[in-house]
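Trainee: Here's a structure for you.
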Amino acid sequence: MRFGIALGRMHPSMFLDAVTAADELGFESVWFPEHLVLPLDMAGSPFAGAEHPPVPPSTPVFDVFAYLSFLAGRTSRVRLGTHVYNLGLRHPFTAARAVQTADVVSQGRIELGVGAGWLRGEWDVAGLDFDTRGARLDEALEVCRRLWTEEQVVHHGRFFDFDAVMFEPKPVQRPHPPVLIGGESPAALRRAARHDGWIGLNHSPDTARAHVTTLHDLRSTAGASGPFSVTVGATVKDEADVEALSSAGVDRLIVAPWARTRDVPDALAQFADRFLR
């Protein structure tokens, strides 16, 4: 089992200290939340059954790949992930360049978690159609993958249209940084089955197992092959929790073993002593 930490569960003032501690203590990865902009009129939630957004519009928001590139310069081994990046809100030239740059300066440590998005108002204020977000994301991902892997790219699609371009340098990771798809809906799981992995929200062994079974069935039906990882957020109290989640097919756990931001350094050290050593 690999362990990552959830940066979205702490105040930004602790980001640097938490990530450098994670790097030193042996955590495999850190995961950065992302939004382009938060409108005052917010509704909905990524959590099933929730009626209100999990964050207020005053929540501090950063350019995720600029911040991850900064963190890359202060660390040496920990992987740097997005949970999740709203790639469909960007032109794929912009997204592909941000990911490529972060992967180069981190020497191949980027994990690209992406999602179709849940916040309609964010799409509205950006002037984009929320109801086409899935199709737009699929096309943007296709363009990004081609920019990262092909010498020359021509694309004439529904949302993006351009003649021949070149895109250099390529990312350090080949063929490109792992693309993990976030989301719990049937459409999100179908999308994940076509890429390198799935990244979920908070799960128990039973809920994780149900999604893992669906993902394996989807990949088998599609004839998909190659590495595929399952990442979920979870509360870990003891070794039995880790074993149960591993048995459910989870490869990586994103944890937040602290109650308050001021507890982060001690909580990370205590978690590492118990579960990483």
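Trainee: With the requirement that a residue be assigned to a helix (DSSP H, G or I), surrounded by 15 or more Cβ atoms within 10 Å (Cβ to Cβ) and not charged (D, E, K, R), what does segment 194-222 give you?
Mentor: 205, 207, 208, 211, 212, 214, 215, 216, 218
Trainee: Quick one: residue 226 ticks every box in (1) small (Gly, Ala, Ser); (2) out of contact with any Pro (no Cβ under 9 Å at 6 or more places or on another chain); (3) open to solvent by 40 Å² or more (accessible area, probe 1.4 Å); (4) farther than 24 Å from residue 141 by Cα bar one, so which box is it?
Mentor: Among (1) small (Gly, Ala, Ser); (2) out of contact with any Pro (no Cβ under 9 Å at 6 or more places or on another chain); (3) open to solvent by 40 Å² or more (accessible area, probe 1.4 Å); (4) farther than 24 Å from residue 141 by Cα, the lone unmet condition for residue 226 is (4).
Trainee: Can you tell which of 159, 167 is out of contact with any His (no Cβ under 6 Å at 6 or more places or on another chain), part of a loop (DSSP other than H, G, I, E, B) and open to solvent by less than 20 Å² (accessible area, probe 1.4 Å)?
Mentor: Testing whether each residue is out of contact with any His (no Cβ under 6 Å at 6 or more places or on another chain), part of a loop (DSSP other than H, G, I, E, B) and open to solvent by less than 20 Å² (accessible area, probe 1.4 Å) leaves just 167.
Trainee: Restrict the check to segment 30-51 and report whether at least one residue is among the aromatic types (Phe, Trp, Tyr) and surrounded by 15 or more Cβ atoms within 10 Å (Cβ to Cβ).
Mentor: yes
Trainee: Taking segment 71-96 only, how many residues are outside any loop (DSSP other than H, G, I, E, B) and open to solvent by 40 Å² or more (accessible area, probe 1.4 Å)?
Mentor: 3
Trainee: If you don't mind, another one. Somewhere in segment 125-143, is a residue in contact with a Leu (Cβ under 9 Å, 6 or more places away or on another chain), charged (D, E, K, R) and open to solvent by 10 Å² or more (accessible area, probe 1.4 Å)?
Mentor: yes
Trainee: Let me ask something additional. Can residue 113 be described as crowded, with 21+ Cβ neighbours inside 10 Å and within 19 Å of residue 2 (Cβ to Cβ)?
Mentor: It is true that residue 113 is crowded, with 21+ Cβ neighbours inside 10 Å and within 19 Å of residue 2 (Cβ to Cβ).
Trainee: Is there a residue being touching a Gly at 6+ places or on another chain (Cβ under 8 Å), more than 19 Å from residue 145 (Cα to Cα) and touching a residue at least 24 places away in the same chain (Cβ under 8 Å) anywhere in segment 55-65?
Mentor: No, segment 55-65 contains no residue that is touching a Gly at 6+ places or on another chain (Cβ under 8 Å), more than 19 Å from residue 145 (Cα to Cα) and touching a residue at least 24 places away in the same chain (Cβ under 8 Å).
Trainee: For segment 1-20, what are the residues that are in contact (Cβ under 8 Å) with a residue 60 or more places away in the chain and surrounded by fewer than 21 Cβ atoms within 10 Å (Cβ to Cβ)?
Mentor: 1, 2, 6, 8, 9, 10, 11, 13, 14, 17
Trainee: Of 262, 191, which residue is within 26 Å of residue 8 (Cα to Cα) and either open to solvent by 40 Å² or more (accessible area, probe 1.4 Å) or in a loop (DSSP other than H, G, I, E, B) (or both)?
Mentor: 262
Trainee: What number of residues within segment 225-253 are in a loop (DSSP other than H, G, I, E, B), among the aliphatic types (A, V, I, L, M) and within 20 Å of residue 5 (Cβ to Cβ)?
Mentor: Adding up the residues that qualify gives 3.
Trainee: In segment 97-156, which residues are in a strand (DSSP E or B), over 20 Å from residue 192 (Cα atoms) and small (Gly, Ala, Ser)?
Mentor: Matches in segment 97-156: none.
Trainee: Taking the options 66, 22, 43, name whichever one is under 30 Å from residue 125 (Cα atoms), part of a helix (DSSP H, G or I) and not basic (Lys, Arg).
Mentor: 66 is the lone residue from the list that is under 30 Å from residue 125 (Cα atoms), part of a helix (DSSP H, G or I) and not basic (Lys, Arg).
Trainee: Considering only residues that are open to solvent by 10 Å² or more (accessible area, probe 1.4 Å) and hydroxyl-bearing (Ser, Thr, Tyr), which ones fall in segment 229-259?
Mentor: 229, 235, 246, 247
Trainee: Which pairs turn up if I take residues in segment 77-97 that are free of Cβ contacts under 8 Å to residues at least 24 places away in the same chain and look for partners that are open to solvent by 10 Å² or more (accessible area, probe 1.4 Å) and in a helix (DSSP H, G or I) with beta carbon separation below 6 Å, at least 6 apart in sequence or on another chain?
Mentor: Going by the 6 Å Cβ cut-off, there are no qualifying pairs.
The values are calculated or read from the model by the stated rules, or taken from the named source; none is laboratory data. No experiment lies behind these values; they were computed from the predicted model shown. Using ideal geometry, Cβ is built from the backbone for each residue, glycine included, and neighbour counts are taken over all protein chains shown. Calculation scope for accessible area: heavy atoms of the full protein, side chains included, ligands and nucleic acids excluded. Shrake-Rupley method; radii C 1.70, N 1.55, O 1.52, S 1.80 Å.
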